[in-house]
1. Considering the dipole of the chain built from charges on the beta carbon (Lys and Arg +1, Asp and Glu -1) around the Cα centre, which of Ile432, Ile220, Ile67 is farthest to its positive end?
2. What spacing in nm lies between the two simple spin-label points modelled at Lys394 and Glu193, each 7 Å away from Cα in the Cβ direction?
3. Give me the one-decimal nm value for the distance between modelled label points at Leu169 and Thr113, 7 Å along each residue's Cα-to-Cβ direction.
4. Eigenvalues of the Cα gyration tensor times 5, then square-rooted: what semi-axes does that give for region 143-235, in whole angstrom, largest first?
5. Relative to the present Cα-Cα distance, how much length would full extension add between Glu27 and Trp47 at 0.36 nm per residue of separation?
6. On a full-extension model of 0.36 nm per residue, what is the gain between Arg8 and Ser200, subtracting their alpha-carbon distance, rounded to one decimal in nm?
7. How large is the charge dipole for the chain, taken about the Cα centre, if only the Cβ atoms of Lys, Arg (+1) and Asp, Glu (-1) carry charge, to the nearest 20 debye?
8. Put a dot 7 Å past each Cα toward the Cβ at Leu78 and Gln183; how far apart are the dots in nm?
Amino acid sequence: MNKETLIRWDKKHIWHPFTQMKLWFEEEPTIFIEGRDCFLKDMDGKWYLDGVSSLWVNIHGHKRAEIDEAIKAQLDKLAHSTLLGACNEPSIVLAKKLSSLLCEKLPWGKPLTKIFYSDNGSTAVEIALKMAYQYWINIGIKGKDTFVSLKEGYHGDTIGAVSVGGVELFHEIYKPLLNKAIQAPAPYCYRCELKLNYPSCGLACLKEMEQIIKKNQEKIIAIIVEPLVQCAGGIIVWPQGYLKGLREICNKYEVLLIADEVATGFGRTGKMFACQHEEVTPDILCLSKGITNGYMPLAVTATNDKIFNAFLGELEERKTFYHGHSYTGNPLACAAAIANLEIFEKDKTLESLPPKIELLKEALSEIEKHPHVGDVRQKGMIVGIEIVKDKGTKEPFPWKEQTGWKVVKAARKYGVWLRPLGDIIVLMPPLIISEENLERLLHVIKNCIIEVTL
Ligand SMILES: *Cc1c(COP(=O)(O)O)cnc(C)c1O
């Protein structure tokens, strides 16, 4: 099909996510037709370095033979059946594999032995919220109806997930529709709400969190957070000790800890799961994005036996978890996820990361010197570069100027594909990226920041 026709049909029929469609109509959109390693090819034959892993999902590169083969092999047997009252082979094998991995990597609390499947990050969060709420009811504790989350937090776009979201631009308008939630200050050191500096602050934001929990303990179901990096809120990297502190607060006041590792899971932070960095095991863990290397929609909500057992009972006790989706445990998606996990072992993906993480760190310390770079934040292979108008006062560029977008658009000319978060330039390349390509990515970004802001 020719490009002009496709673009015409796209503009006529597709409503793009997170997009002001009025502006979209004025654009010449890019249509990707092929992928290889950490590159994407458009219809004009131009190749782009995929600097954001096709929106944070790709880990081992595009067109990975092992995953292609796993899906094809499963396709020859069965594309879909249901988990409602039945089983399928890939979902069982994946649950076994994942729970072993979780127990091995997160051994500090009750092991995460139980896997509940769904098909995207938002549903993984919905499930976690409903599971946590019903857990207290099932064990006979009444009056818990409120979640605690963080400002600048992001957990997806369905109503339950938006209820615990804290990005004003995305979430404010839906307030009248939302469930009860209290927001604690984000540990966002560059723009600290409490106007303090780390480490002399002694993690004052954590103390604020403790006050909130203490005051509302009887109605609080759980704290839900993105451990270590609040990604969509602007790659907010937490100060050391905050996550560990959260776990201690949850233990002390007997509330559940839900870790949303939809973005941080599967190696992005340099370890398989972000919670490993502070030796924390959550009560409920949400995973998606990297789980199938971006091949198929799949998500997991994992929990421990204590929570699971609270749902056991006679039918008339009404302890059943009445939740499920049509595509729960889809065999093709699970087959892709199994192959994805096997590549971690075969390629020693995590072991290959330290030199790349170091390279990023060095290049960022250069980029940080730029007069319009206010802050650089990095955790493992996740990077945020915050562009500001005035470095001294931290004043941002006017929102309407879309400075972040200008940088990203400039990068496209040089064959680098990115997507910013406002004026924060995000780098989240596939973990497979070579050092050479990583250098190229950083070089282009540095030049584009100069080109746009000076
Ligand atoms: C992307 C994301 C989600 C939502 O996942 P979807 O698959 O887009 O619904 C939830 N939580 C976090 C931390 C995310 O980054």
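1. Of the listed residues, the answer is Ile220.
2. Distance between the two pseudo-spin positions: 1.4 nm.
3. 4.5 nm
4. Values: eigenvalues 96, 62, 19 Å².
Listed largest to smallest, the semi-axes of region 143-235 are 22, 18, 10 Å.
5. On the way: separation 20, 0.36 × 20 = 7.20 nm, distance 1.93 nm.
Between Glu27 and Trp47, full extension yields an extra 5.3 nm.
6. Numbers: separation 192, 0.36 × 192 = 69.12 nm, distance 5.66 nm.
Value of the extension gain: 63.5 nm.
7. Values: 56 positive and 57 negative charges, 122 e Å.
Dipole of the chain, to the nearest 20 debye: 580 debye.
8. My value for the distance between the label points is 4.5 nm.
No value in this document is a laboratory result; all are computed from the given coordinates. Here the structure is a predicted model, which means the values were calculated and not measured. In this analysis, Cβ positions are derived from the backbone assuming ideal geometry, glycine residues included, and neighbour counts consider all displayed protein chains.
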